[in-house]
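Okay, structure first, notes after.
The values are calculated or read from the model by the stated rules, or taken from the named source; none is laboratory data. Every value quoted in this text rests on a predicted model; they were computed, and no experiment measured them. Quick reminder, even Gly has a Cβ in these numbers, built from the backbone with ideal geometry, and neighbours come from all protein chains shown.
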């Protein structure tokens, strides 16, 4: 399928032709479903910390955080355009029909304009156009309001990333989502020398505007929170793009005969994460922030997750040193470590391991323990779309905890659907990662992915349907071979902003 010209083109993109050929094979074979065993639930794969332990775990984190290099990693590449889908449809209808019909969504937005953090700057822009904002605005004025919100001669939200939209109002000022992450970091991600390391993955077209914002607000927040903010930006590498194929699984070509590639999805960010030099990394999406009035709960549970992480890491490192320093540990030591693996790290051993030779048990334990570790904050599922935490059978016949997306689940299978329907928790709100081994060496995170995982979707190219491949997701297939702990956290810690109307929820108005 690939000719010499194709191979040369692929190499120019810093991609391996064999990897591209494997992607084509995935289109042909399809993505295998996850082998679900049961949902992860409270007392069966999901920890529910009791109040008595909260303070101790928070204190453990507070004691150790100054000795760790901590990074707050924020996927911030999301464009804001999806937030305004209803408004684009409205403007398209006005242009097409020249009508005066105002959709219920647009009417709701105009009626609640005064509640948004961007109300004052929007009002100022609109009044310069000779229009006054009022609940009784006529169709012509409403059109001006929506255009001023989106277009370049107004607030230009059409061209801004979600992270730079005003989210929350503070007296006469406002904070963007980007700024809220800086403030959050100052409260729980402050490491040695009072430094807060913030790493954001940003689309190439938005790099400069993020840098400008960072340079403008950084001194004020450093002074306010008595810390040093080290803000780094990276972008998804083009080498993580995936080839597109037609519906017959042949590579798609453009008008010049060149192969068509598409971004590999948020799973590609595992490479950005892999490039970090950090002991502990907090991962949280750009749009999941709250105003100051509600930050105490978020900070409390971030530190709780940190305490759980440090406590587990200490024991894992101790057991690895025991296994390395003693070539033939006694049966009692092996049983203790096996118990820890199964009951606290939630890794059920393959059949026959426990009756194997001590040498084989030792090697198995070293292999399972010496991996990146993540502690995931999960919320109760309130009918949100998407996947969640499950016990999954692995290729080596062991069973472990995995975050599984709906697309990875064979819902046409009645037995599998029963397991899926019993799930009680939703995808992670927060993920806390430990990226170094017991000798202080960075793990190569690319070795702990499930390369056979991914998502195949139908897209459009030049008016024709094509297939696109997304890489194994950052926190499902991209972390499939990590050691994983699920911890229930309050619903209040999960406040994503997917549409403009989410900013009208009480949590964001504060």
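Flag not set for residue 403, criterion: over 18 Å from residue 45 (Cα atoms), crowded, with 19+ Cβ neighbours inside 10 Å, in contact with a strand residue (DSSP E or B) (Cβ under 9 Å, 6 or more places away or on another chain) and touching a residue at least 40 places away in the same chain (Cβ under 8 Å).
From the list 339, 301, which one is buried (at least 22 other Cβ atoms within 10 Å of the Cβ) and at negative phi? Spell out how you get there, then give the answer.
Details: 339 fails: buried (at least 22 other Cβ atoms within 10 Å of the Cβ).
Going through 339, 301 in turn, just one is buried (at least 22 other Cβ atoms within 10 Å of the Cβ) and at negative phi: 301.
For region 29-42, filtering for residues that are out of contact with any helix residue (DSSP H, G or I) (no Cβ under 8 Å at 6 or more places or on another chain) and at pLDDT 95 or above leaves 4.
Taking region 349-372 as the range and being closer than 27 Å to residue 308 by Cα, in contact (Cβ under 8 Å) with a residue 12 or more places away in the chain and surrounded by fewer than 19 Cβ atoms within 10 Å (Cβ to Cβ) as the test, the residues that pass are 350, 366, 370.
Select, from 74, 37, the only residue that is assigned to a strand (DSSP E or B), under 30 Å from residue 178 (Cα atoms), touching a residue at least 60 places away in the same chain (Cβ under 8 Å) and assigned by TED's automatic domain parsing to the domain that holds residue 502. Quick ask: steps written out before the conclusion?
On the way: 37 fails: under 30 Å from residue 178 (Cα atoms).
Criteria check complete, one pass: 74.
One residue stands out among those in region 27-63 that are over 24 Å from the mean Cα position of the chain (by Cα) and buried (at least 19 other Cβ atoms within 10 Å of the Cβ): the one that is nearest to residue 280 (Cα to Cα), which is 60.
Say we look at region 114-133 and pick out the residues that are farther than 15 Å from residue 157 by Cα and in contact with a helix residue (DSSP H, G or I) (Cβ under 8 Å, 6 or more places away or on another chain); which of these is surrounded by the fewest Cβ atoms within 10 Å (Cβ to Cβ)? Ranking the candidates gives 132 first. Summed over region 457-510, the residues that are in contact with a strand residue (DSSP E or B) (Cβ under 8 Å, 6 or more places away or on another chain) and without any contact (Cβ under 8 Å) to a residue 40 or more places away in the chain give a count of 3.
Summed over region 373-395, residues that are exposed (fewer than 13 other Cβ atoms within 10 Å of the Cβ), touching a residue at least 24 places away in the same chain (Cβ under 8 Å) and under 23 Å from residue 452 (Cα atoms) total 1.
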